[in-house]
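Shown next, in structure tokens, is the structure this report addresses.
The values are calculated or read from the model by the stated rules, or taken from the named source; none is laboratory data. Only a predicted model underlies this, so the values are computations on that prediction, with no experimental measurement involved. Quick reminder, even Gly has a Cβ in these numbers, built from the backbone with ideal geometry, and neighbours come from all protein chains shown.
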């Protein structure tokens, strides 16, 4: 082959290779463009699904359809490549699950919300890093807040304390993310949620400390939620503040804190009327009734009880057995308690009969397997009612009836789960056993009374519940005096003096001069041996009038 022919072959070969390469590049580019168009179309379709889902999610009855569209959007998106869109879709889905959980108290929906939101949290960390800025901070804050709301639903169904503690951590994280942002309503909402979580924790553990934290959070929320612009939130917050002050009254300054509680409830009633917000009105009246029942310990005045009973009956204007069975039963138990207090003034057995009928109404709703805490409260008050019956008739029958009811309550009340109520029940048992001891089985009942009182003192310590600690010590002294009358009772006499001294120390530290002198008088009588059992009365006849344990 001639040289120029070889050269032509090479040129033709190069041209062919170039043509092939060029064709492949065009084909590849065409494929990539087609793939890009397909991906773009997929994202566009996902966006339409999101838009539809967001619109449906605003309508309560359309939430199931919204969930379907959010899932459709997620199926078209890549968690890795489309992370921002994926996070938005999963957040919307989680909020739908949360809505269902709150509406139906549904643990499955709540758990689905929790799982989705936890995944969103991890995605947002990858997208924004550890220190999100501006709008990203608000987005992160909203997710933390929603996760707290989801766990709050689970806390109503499962173990309360661990879930509520997680809620507190999540709301705190949400506040840290939202601070300084131009969304004051979000921050106020999170403060409110944090306060409500602390108040619910106060029902379970560290009552005084958690009530203080709740009060601080609620007051922060009130800086934004005014009665004029946010009436619903204002009513809920003022009620929560009132409850916090009621709880704080158990530790110190009872009269002052209860007055603050009643002031807060009256603020709520300026907005929540029977016509405007009937359920909030009824809840506020319930809270007023409870606060006045506590106030009775300060004033020991029948008019206070009348006001309390009136408030409970006002709440029954809304909370009927067929529409609001839980609240209806709760109010019946409260009414029974007030009627038993009234009995102490009037000594009319008919009041106790009415109280027992009210408890029978409450028991139709509160069963030990479905509402264990409410059940124990009913049994506690019912035990007190039988104790009061025993003061006027058939003590050998009615005191054992009281003990049976207290024992029923203890079957669902442990020291770890409900420490304060555990203390109340043991205190009441100690009083009833002490009352029964002179009538029958003196040693056995007196020893039982001592044991129950010592259980009470595990909770009512001098530092946390000084007045209740003092009352329990006085009752313990009375129980030891019962034992001191039996053979070998010298040691019991010494232990009685020790218990009196502990009570006296509390009254002295609280500047309660009259009570302090009373205890010193009893101590002197016991030392001299110049007294009978009647010289050392129990502080309260039946334990009916206490919160958590005594009035002086």
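Annotations for the structure displayed:
- Pick from the stretch 333-353, criterion without any contact (Cβ under 8 Å) to a residue 40 or more places away in the chain and crowded, with 17+ Cβ neighbours inside 10 Å, ranking: nearest to the chain's Cα centre (by Cα): 335
- For the stretch 114-137, the set of residues classified as within 24 Å of residue 160 (Cα to Cα) and free of Cβ contacts under 8 Å to residues at least 40 places away in the same chain consists of 115, 116, 117, 118, 119, 121, listed by residue number.
- Among residues of the stretch 205-214, those that are assigned to a loop (DSSP other than H, G, I, E, B) and surrounded by 20 or more Cβ atoms within 10 Å (Cβ to Cβ), counted: 0
- Residue satisfying all of: in the stretch 80-121; touching a helix residue (DSSP H, G or I) at 6+ places or on another chain (Cβ under 8 Å) and assigned to a loop (DSSP other than H, G, I, E, B); surrounded by the most Cβ atoms within 10 Å (Cβ to Cβ) among these: 82
- When the helices (runs of 4 or more DSSP H) confined to the stretch 400-511 are screened for residues that are under 30 Å from residue 367 (Cβ atoms), those reaching at least 3 such residues are found at 419-436, 442-456.
- Qualifying residue in the stretch 326-340 (condition: at pLDDT 95 or above, farther than 23 Å from residue 388 by Cβ and either assigned to a helix (DSSP H, G or I) or touching a helix residue (DSSP H, G or I) at 6+ places or on another chain (Cβ under 7 Å) (or both)): yes
- Odd one out for residue 143 among (1) surrounded by fewer than 17 Cβ atoms within 10 Å (Cβ to Cβ); (2) within 21 Å of residue 166 (Cα to Cα): (1)
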